[in-house]
Amino acid sequence: MTDSLARLSDEGVAIWLDDLSRKRLTSGNLAELVRDKHVVGVTTNPSIFQKAIGAGDGYEAQLADLAVRGVTVDEAVRMMTSADVRDAADVLRPVYDASNGRDGRVSIEVDPRLAHETAPTIAEAKQLWWLVDRPNTFIKIPATVAGLPAISAVLGEGISVNVTLIFSLERYKAVMDAFLTGLEQAKANGHDLSTIESVASFFVSRVDTEIDKRLTKIGTEEALALKGKAAIANARLAYQAYEEVFSSDRWKALAAAGAKPQRPLWASTGVKDPNYDDTMYVVDLVAPGTVNTMPEATLDAVADHGVISGDTVTPNYGDAKAVLDKVAALGISYDDVVQVLEDEGVEKFEISWKELLETVQQSLDAKGGATK
C-alpha cells in the first residue's frame, strides 16, 4: 500500500474506484487495487458502462447467449451491467464483512431516463436490488426533485442507496432530509436500520468547469483569481451542512435505533483543467467519514505524489464561504450554475445510456437475436 493512500485512509476517507468493466474483473485488476491501492468500493454510472461494454472486452459470450434468447435490448443491458456489479460485489465482499457493511460497496444506477419520474424510479430500484442480489450493493438514484421521494421510499424498503448528481447545498440538505425520512419509514416498516447504508454523491470538478467558464468570460483580475476555487469551497460547505444535520436530535433518535450516517461522497474528482494539480479534489477534501471515488488516473496520481496533510475541510469553512460570496459578487448566479449542472448531468447520463442501448442492439442484431 502506498503511503499517500494509506494516510488518506487513516484520515477517515474511504477510497473508492470510479470505474468498472468486465475486463477489470476477469483480469484480477479490481482485486489488485483492493489489495495494493486501498480501494474499498466501486462506483459505476451509465457513461462508465457505455465505455466498457462499447469496447466489447469480455462481453461476447453473454451477448451471444442473450441474442439466442431473443431478449429486449433493455433486458440485455441490465443483464450485463448487473452481472458486472454482482461479480464486483463478490470481489469486495471481504471488505464489506471486515468493515461491518460500511465499505465493500458497488453501485448500480437506475435507468437515467427515469430521472424525473418518482414511481418508476422506485420500481426499478427494487428490481435492481433483487436482480443483483448482493447485500453490499448500492442502488444509485439521482437527486432530482422527483428523485427525493424515491430515495426515501427505497430506503424505507431496507435498500441501501447512493444518491447521485448532487451539485447544490440546498439540494444536498434536501437529500439528507430524504435520507432521514427514509430511515424513519424503514424503522416503521420493521427493518434493521444497522443494515441500511447510504452515501450522498456531491459532484466536484464539474462545478469548477462551469464557474471557471463564467469567470473567464468576465476576465477581470479579480475573476481570474477565483478560478479553480469554487468547487472545493462548495464541497467544504456541504460537509459543514453534513455536520449540522448529523448532530441534530432527529438524527440522534435514529442513531439510537442503530442507524449509520449517510456519508458525503466526493464524486467527479478527476481534474478537468490541466493547469490544476491533478490531486486537488482529493487532497483538499480530506475529512473524516467521507468517501472519495476516483478514476484510476486520479488514484494513481494520489499514490504517486498526493500530499495528505490531515483534515483540509473543517478548518476552512470561513474561506469556503468567502470564495462563493466573491463569485456571487461578480454576478455569477449560484442557483443558475447548479441547475445547469444538474440538467447537463442528467442529460449526459441519458445520452450515454442511449448510446449503450444502441451499441448492444447492434451486437445482438449481428448475432441474429433480440427485439427492441
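Close amide H partners of Val39, meaning residues 5 or more places away or on another chain with modelled amide H under 5 Å apart, are Val34. Backbone amide hydrogens, once placed in the peptide plane, bring Ala14 within less than 5 Å of Thr290, Val291, Asn292, excluding anything fewer than 5 places away on its chain.
Mind running the shape call on the range 213-344? Use the C-alpha gyration tensor, a ≥ b ≥ c as the square roots of the eigenvalues: rounded below 1.5 for a/c, prolate if a/b tops b/c, oblate otherwise.
Details: a/c = 2.03, a/b = 1.34, b/c = 1.51.
The shape class here is oblate.
Relative contact order for the chain: 23 percent, from Cα pairs under 8 Å spaced at least 6 residues apart, divided by residue count.
Anything over 26 Å Cα to Cα? Flag those among Lys51/Lys321; Lys37/Lys140; Lys217/Lys272; Lys51/Lys260; Lys227/Lys354; Lys140/Lys321, in the order listed.
Violating the 26 Å limit, Cα to Cα: Lys51/Lys321; Lys51/Lys260; Lys227/Lys354; Lys140/Lys321.
Taken about its Cα centre, the chain carries a charge dipole of about 500 debye when Lys and Arg each add +1 at the Cβ and Asp and Glu each add -1 at the Cβ.
When the chain is fully extended, how far beyond the present Cα-Cα distance does Asp319 get from Gln127, taking 0.36 nm per residue of separation? That pair, Asp319 and Gln127, stretches by 64.7 nm at full extension. The range 4-64 and the range 178-194 have Cα centres lying 30 Å from one another.
Axis angle, to the nearest 10 degrees, between helix 317-329 and the longest C-alpha principal axis of the chain: 90 degrees. Tell me, what HN-Hα J-couplings in whole Hz come from the Karplus equation 6.51 cos²θ - 1.76 cosθ + 1.60 at θ = phi - 60° for each residue of the range 245-256, using x for Gly and Pro? These are the phi-based 3J(HN,Hα) values: 5, 8, 10, 7, 5, 4, 5, 4, 5, 6, 4, 5 Hz. Toward the positive end of the charge dipole of the range 24-94, with +1 on the Cβ of Lys and Arg and -1 on the Cβ of Asp and Glu, the farthest Cα among Ala88, Val73, Gln62 is that of Ala88. Across the range 341-356, computed HN-Hα scalar couplings (Karplus, 6.51 cos²θ - 1.76 cosθ + 1.60, θ = phi - 60°) run 5, 5, 4, 5, x, 4, 5, 4, 5, 4, 4, 4, 5, 5, 5, 5 Hz from first to last residue, x flagging Gly and Pro. Applying the Karplus relation 6.51 cos²θ - 1.76 cosθ + 1.60 with θ = phi - 60° to the range 145-160 yields 3J(HN,Hα) values of 4, 6, x, 4, x, 5, 4, 4, 5, 5, 4, x, 8, x, 9, 6 Hz, where x marks Gly and Pro. Relative to the longest principal axis of the C-alpha atoms of the chain, give the angle of the C-alpha long axis of helix 46-55, reported between 0 and 90° and rounded to the nearest 10°. Roughly 50 degrees between the two axes.
Between the alpha-carbon centres of the range 130-171 and the range 207-246 there is a gap of 26 Å.
Determine the per residue accessible area of the chain with all protein chains present and a 1.4 angstrom probe, expressed in square angstrom. Walk me through the intermediate numbers first.
Details: 14710 Å² over 372 residues.
Result: 40 Å² of accessible area for each residue.
Counting Lys and Arg as +1 and Asp and Glu as -1, each charge on the Cβ, what is the dipole of the range 241-310 about the Cα centre in debye, to the nearest 20?
Numbers: 5 positive and 10 negative charges, 110 e Å.
Rounded to the nearest 20 debye, it is 520 debye.
The charge dipole of the range 205-337, taken about its Cα centre with unit charges on the Cβ atoms of Lys, Arg (+1), Asp and Glu (-1) only, comes to about 420 debye. Quantify, in whole percent, the carbon and sulfur part of the accessible surface of the chain (1.4 Å probe; protein heavy atoms only). The computed percentage sits at 51.
The values are calculated or read from the model by the stated rules, or taken from the named source; none is laboratory data. Predicted model, so just to flag it, every value in this text is computed and none were measured. Here the Cβ is made from the backbone with ideal geometry for all residues, glycine too, and neighbour counts use every protein chain on show. Remember, those area values only see protein heavy atoms, side chains included, never the ligands or the DNA or RNA. Shrake-Rupley method; radii C 1.70, N 1.55, O 1.52, S 1.80 Å.
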